[in-house]
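Worksheet: the structure to be examined is printed underneath.
What follows is calculated from the coordinates using simple rules that are stated; it is not laboratory data. From a predicted model like this one, the values you see are computed outputs, not experimental measurements. Reconstructed Cβ throughout: ideal geometry from the backbone, glycine too, with neighbour counts over all protein chains shown.
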Amino acid sequence: MQKRNLEVCLTPALLHLYDIKASIVVVIDIFRATSSICYGIDNGAEAIIPVATVEACESYRESQFLLAAERNGEVVAGFDFGNSPFSYTTEKVNGKTVVLTTTNGTHAINLSRGASRIVIGSFLNLTALCNWLKGQPNDVLLLCSGWKDKVNLEDTLFAGGVVNHLKDEGYHLDDSGIASEDLYVMAANDLNAYLKKTSHSERLKKLGIEEDIAFCLNVDVTTAIPVLDGERLVRLAV
């Protein structure tokens, strides 16, 4: 297999610097959108439709879909739920379609639509994702959703985990990938302790949802790889 590039984009604000037409883009929003998407698809959700705005989510009001909207860490009033992973259990989402808008994650997904393929990454599906990427001929861009276009620690750390898994597979790494992997190696023995210092962790704690934070740092509790198929995130057939 030809040597591929493995790059890390630390924030969507830098995405315009990358040529993604032939690349697989892995969208990362650890706290909490991509963790919840992975969990929901693994728990049998038929599809999750990521939309950019609350208004776009509202436009599905007459459908039979579940509507999920989050802004600034909180559920938008009038919607079924937000992006807590505990809203994406089998009992709630199995066989259903969810329309989802979030502060950061769905924004990053929509910015990536020019890519060859868009998949969703989280600690929950880390090994399954990396094993699949190893068999793909494409360059890979790990896109950290960040917080309102600013770099955040948790997404960068996960990107480093992917680099750590893939670095011996013959990829060309960029400097942000190398730095992310160094960070991951430093934190991997206790992700929860390390990420307690993150700004978004502090933000979520103030909302009383520490359980969400701890859950999103579980490694390999799902095997589903959500992939964007048209407008819908569905389970990748592997």
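Worth a mention:
- Loop-resident trypsin sites (Lys or Arg not before Pro) (DSSP state other than H, G, I, E or B) in region 1-93 with no more than 13 further Cβ atoms inside 10 Å of their Cβ: Lys3, Lys21, Arg61.
- Radius of gyration and Dmax over the Cα atoms of the chain, both given in Å: 16.4, 50
- Shown here are the Rg and Dmax of the Cα trace of region 100-186, at 12.8, 36 Å.
- Reachable lysines, given that their alpha-carbon falls under 30 Å from the alpha-carbon of Lys197 and they are not under 8 places away in the same chain: Lys148, Lys150, Lys167, Lys205, Lys206
- Eligible aspartates and glutamates near Lys134 by straight Cα distance, threshold 15 Å, same-chain separation 8 or greater: Glu7, Asp168, Glu169
- The mean of 1/r over all pairs of different alpha-carbon atoms in region 161-238, once inverted, gives a Kirkwood hydrodynamic radius of 15.2 Å.
- Cα-Cα P(r), region 1-119, percent of pairs per 5 Å interval: 2, 11, 21, 22, 19, 12, 8, 4, 1, 0, 0
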